[in-house]
Structure formats: structure tokens, C-alpha cells
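Comments concern the structure below.
No value in this document is a laboratory result; all are computed from the given coordinates. Since the structure is predicted, the reported quantities are computational estimates derived from the model, not experimental observations. Neighbour counts are summed over all protein chains in view; Cβ atoms, including those assigned to glycine, are modelled from backbone coordinates with ideal geometry.
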Amino acid sequence: MLEFYNQSKPKARKDHVCEFCIQTIRKGEKYSYETGKYEGEMFVRKLCLVCKNILDKFCNESGDEEFSWDWITDWLCDLYCYDCEHGTKGKGDCEMQPQNCPLIRSKFETKECTQNANPAN
Ligand SMILES: [Zn+2]
């Protein structure tokens, strides 16, 4: 059970690493910062905005607050990699993790993510 939970989207004051896609969240970029307590354990989770959208969508569809990154990777594969000509589960031999695939990531990009990547615009 989730005992408490806070989420905010601060601007990074230094570089961080996204917990899911392992890409760098650069200083000055907005990112998702979550803290909470789950089954007695405190957690802190830092995610890039795209991965946060992926996580939100997954939790919405599963209707559950519980997840593991492996489940989300499988879920993304099922959704997109089967139909993708490059996908491991299709005929291709793509070795990319779905959370690092630009095609999949683009499906979870919101305006906020695009502006984030180009703060000058
Ligand atoms: Zn990420």
C-alpha cells in the first residue's frame, strides 16, 4: 500500500539520471520528482518527463499503483515492438529497450516534453 505520495516537476539544479530510460536529465530541464512511502519503505524516484508519461499511462491502464519496470518494458514491447519492423518480437533484431526507442518515446511526448528539450523556444 502506498502510505503517502508527493509528486512535483522541478527544474533540475544539477544533472540527474532518469531511473527508467537511464538518460541524463540535464541541469535546467524539468523532470519528475516523486517521493513516497510504499509498504513501509521510503522511496525517491527521478524520471524524465517522457518516462513519467509512460508510467502514468501504465498505471492508468492497469488500475494499480503497483508496478515494476520490467512489467512496463514488457507492456511497451507488447504494445509496439510486435508491429515494428525492427522489433525483437517482430522480424527484426532490434536490441533497444522500448523505453529508449525514439519511435515509442515519441508516442508519449507531450508539449511539455518538447518544450523541455528546446528551452530556447
Ligand atoms: Zn526517462
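If exposed trypsin sites (Lys or Arg not before Pro) are those in a DSSP loop with at most 10 other Cβ within 10 Å, what is the longest stretch of the chain that has none? Maximal segment without exposed cleavage sites: 15-90. The stretch between VAL17 and THR110 holds 31.5 nm of extra length on full extension. This uses 0.36 nm per residue minus the Cα-Cα distance. Can you return the lysines within cross-link range of LYS46? Criterion is Cα-Cα under 28 Å, with same-chain partners fewer than 8 residues away left out. Cα-Cα hits under 28 Å: LYS9, LYS11, LYS14, LYS27, LYS30, LYS37, LYS57, LYS107, LYS111. Dividing the helix sum by the residues of the chain, where each DSSP H run of 4 or more adds -39500 (n - 2.57), gives a mean residue ellipticity at 222 nm of -8000 deg cm²/dmol.
Normalised by the number of residues in the range 2-117, the mean separation of alpha-carbon contacts (under 8 Å, six or more apart) gives a relative contact order of 20 percent.
The charge dipole of the chain, taken about the Cα centre with unit charges on the Cβ atoms of Lys, Arg (+1) and Asp, Glu (-1), comes to about 920 debye, rounded to the nearest 20.
Sequence-ordered 3J(HN,Hα) estimates for the range 98-111 from the Karplus curve with 6.51, -1.76 and 1.60 and θ = phi - 60° stand at x, 6, 9, 7, x, 5, 6, 4, 4, 6, 10, 7, 10, 4 Hz, glycine and proline given as x. Report the residue, chosen from ASP93, ASP74, ASP56, that carries the largest GNM mean-square fluctuation when the chain is represented by alpha-carbon nodes joined by springs under 10 Å. Per the Cα network of the chain with a 10 Å cutoff, ASP93 tops the list.
Listed values for the range 36-52 are Karplus-derived 3J(HN,Hα) couplings in whole Hz (6.51 cos²θ - 1.76 cosθ + 1.60, θ = phi - 60°), namely x, 10, 10, 6, x, 9, 6, 9, 10, 10, 10, 9, 6, 5, 5, 5, 5, and x replaces Gly and Pro.
Database remark: amide H of TYR38 closer than 5 angstrom to the amide H of GLU3, PHE43 (H placed geometrically; neighbours at sequence offset of 5 or more, or on other chains; Pro and chain starts carry no H).
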